[in-house]
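Worksheet: the structure to be examined is printed underneath.
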Amino acid sequence: MDRAYTLLEIKSVDTRARRFSGIASTPELDRHGDSVDPAGVTFRNPVPLLFHHDTKQPIGRVTLTATRDGILFDAVLPALDDPSPLKARVDDAWACIKAGVISGVSIGFRILGDAVEYAGAVRKILKSEICEVSLVTIPANANATILSVKALATQKGPIMKQTVSEHIQNLENKRAAVASRMTEIMELAAGEGKTLEADQSEEHDGLATQVKSIDADLGRWREHEKLQITAAVPVPQPVAPKITYPSVSVKANVPLGTAFVRAACAQLVCKGNTRDAIDYAEKRWNDSTPEVALYLKAAVAAGTTTDTTWALPLVNQNISNEFIELLRPATILGKIPGLRQVPFNTKVPTQTAGGTYGWVGEAKPKPVTKLAFSSTSLGVSKAAGIIVLTKELVMLSNPSAEALVRRDMVAGIAQFLDQQFIDPTVAAVADVNPASITNGAPTAAATTNPLADIMGLISHFATNNIPVDGVTFIMSAANALSLTFRTNLDGSPEFPGVSINGGSYKGLTFITSQAAGTNIIALQPSLVLYADDGGVTIDASQEASLQMDSAPMSPADATTVYVSLWQSNMIGLRAERFINWAKASTNAVKYLTATAWPAPSGTTTVTVGTGRQKGDA
């Protein structure tokens, strides 16, 4: 008998009758690569409810309802009084449901005839018969289901909004209680033959004020009730709503990029055999990153992103995106806010000159002016690198090895892109790479006064009619650290908000990168265009021969030395990313050279135990 798994999405719980309902199966791809078509499902109600698919452990009965979007169930566990193994088993199952320990539902079914379609490793069951439904535990989805079950189990009942009639009744009850207290005060004074004491008078007057307020409020609510009655319309017959299932994404608590690295390494270990790579991923990581196996599974039929049976899950399993999310913050491009992103090979118009305007006397002709424009397009350029790892490391024997692979991949691409983005010596090579944003940009020599240098860069943008708002500075961690040591005469920081990791000051953004060296780069992000395909392509080989050189000889000659990966028991991991950038204006960037801002000449020391300070400045 085959089985299909789904989340235990409980819709309602009746603790007294031990009744609960939810979703038993959906047409979405399950964790074994099967998709059960609800339109072809048959069953005979009631269906046995089992515990962990054990036919010797029945715990109740289930009534199934087939819809286009899935199979709904309504389950009942018997309430037994006499001690017996069945009572203990049923009580245990009910406790597990309420506590959230049971986190999944599975149907046991048999395939009718040969009604199966295969699409790579995916099996679509067209016709089947459900023989039983079972409560099961699916560790990969435990977190999501615990929250769902606990919320339903502890809920005491829905919070109902009061109707107008109920609110009027509550006001009348309150008025009656207040009036009763007023009568009690007066009767007490009459019985004693005395006038009201001061505190009694104060209380009676306060109650009388309350009665007047309640009477006024009652008048308003009764008028409102009359308006509702006159405006009332017959209640339409209820129409069964279409059942929709929201897309639920459950991610394991693993570092970002882990699933991407595992998918690449699974193919490496299995030498490119996708079927073996799927099995390898399921055995090693299905409890923590089941999306790796889904990512590796091939689908050959056409689909759309709105097709919930398989195409949408494939879109959701694009695990290369999480590697890009991890890479982007590590690069300068990922840290600069406000860069202008454009598509590849698309012309972007830029204005190079404005019109001519002037004063015009009475009855004099106005000047005819024109604007000057040009266009810029970013071609397809790619950054690539090869990381060589030992085969033993790729086998991922422990989490630290995974972290090492991930760090190598991120650091390698990030370091290269940072250097290419801001190194003034990087010139454009047609159909190969873009020029750095500092290549050909105006420059100036730095001084020993950081504030004067920063204001000089700001003046460059203002002079060239470029907005200063959003200007970003790129510098080394050493130069940023020197800013943190500078203080005003009163001891306050001269550049508050700036640290060794960058920061902000007076609305300006500071980014640190060792690729900056002794240069201080200022740029207006809105005038820097960049195109990015949003993905990293990973290819691997165990048989290639490589030049183990960061600057390989091209073309190779007789002196070129190659290293065989197969002979050295190593694996080459090639990462490629399509990315390009360009300045929309020659004045979008200016940088300082030979910057070595000195730390303040004065230092402060603290004498331990005395609480006194002395400065040598």
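Under the simplified labelling scheme, the residue 88-residue 44 pair shows an inter-label distance of 3.3 nm, with each label point 7 Å from Cα along Cα→Cβ. Just grab the label-to-label distance for residue 415 and residue 179, each label 7 Å out from Cα along the Cβ direction, in nm (one decimal). Here the modelled spin labels are 8.8 nm apart.
Counting charges near residue 515 (Lys, Arg +1; Asp, Glu -1) among other residues having Cβ under 15 Å from its Cβ returns a value of -1.
Which order do peptides 65-78, 572-585 fall in by mean Cβ count within 10 Å, highest first?
Numbers: 65-78: 17.7, 572-585: 20.0.
For the peptides 65-78, 572-585, the packing ranking is 572-585, 65-78.
Percent of Cα pairs in the stretch 382-593 per distance bin of 5 Å, from zero to the largest separation: 1, 6, 12, 15, 15, 13, 11, 9, 8, 6, 4, 1, 0, 0. With neighbour counts taken as other beta-carbon atoms within 10 Å, the residues 562, 280 rank, fewest first, as 562, 280.
Defining a contact as two alpha carbons under 8 Å apart and six or more residues distant in sequence, what relative contact order in percent does the stretch 382-593 show? Let's see the in-between values first.
Details: 363 pairs, mean separation 63.7, N = 212.
Worked out over the stretch 382-593, it gives 30 percent.
Distance between the 7 Å Cα→Cβ label points at residue 563 and residue 430: 3.6 nm.
Per 0.36 nm of contour for each residue apart, how much would the distance between residue 55 and residue 362 grow if the chain were fully extended, relative to their Cα-Cα spacing? Display every interim value, and only then the final one.
Details: separation 307, 0.36 × 307 = 110.52 nm, distance 10.14 nm.
Extra length from residue 55 to residue 362 when fully extended: 100.4 nm.
Sort 473, 510 so that the residue with the fewest other Cβ atoms within 10 Å of its own Cβ comes first and the one with the most comes last. Present the calculation step by step, with values, prior to reporting the outcome.
Values: 473 25, 510 22.
With the sparsest Cβ surroundings first, the list reads 510, 473.
Taking the Cβ of each residue in 460, 224 as the centre, tally the other Cβ atoms inside 10 Å and list the residues starting with the fewest. If you can, show how the numbers build up before the last one.
Values: 460 20, 224 13.
So the residues, fewest neighbours to most, are 224, 460.
Stretching the chain fully between residue 229 and residue 585 yields a gain of 121.2 nm (0.36 nm per residue, less the alpha carbon separation).
Work out, step by step, the length gained on full extension between residue 274 and residue 553: first 0.36 nm times the residue separation, then minus their alpha carbon distance; give nm to one decimal.
Details: separation 279, 0.36 × 279 = 100.44 nm, distance 3.40 nm.
Using 0.36 nm per residue and subtracting the Cα-Cα distance, I get 97.0 nm.
Close amide H partners of residue 487, meaning residues 5 or more places away or on another chain with modelled amide H under 5 Å apart, are 494.
Any read-out appearing in this document is the output of simple, stated calculations on the displayed coordinates, not a laboratory observation. Here the structure is a predicted model, which is why all the values come from computation and not from measurement. Here the Cβ is made from the backbone with ideal geometry for all residues, glycine too, and neighbour counts use every protein chain on show.
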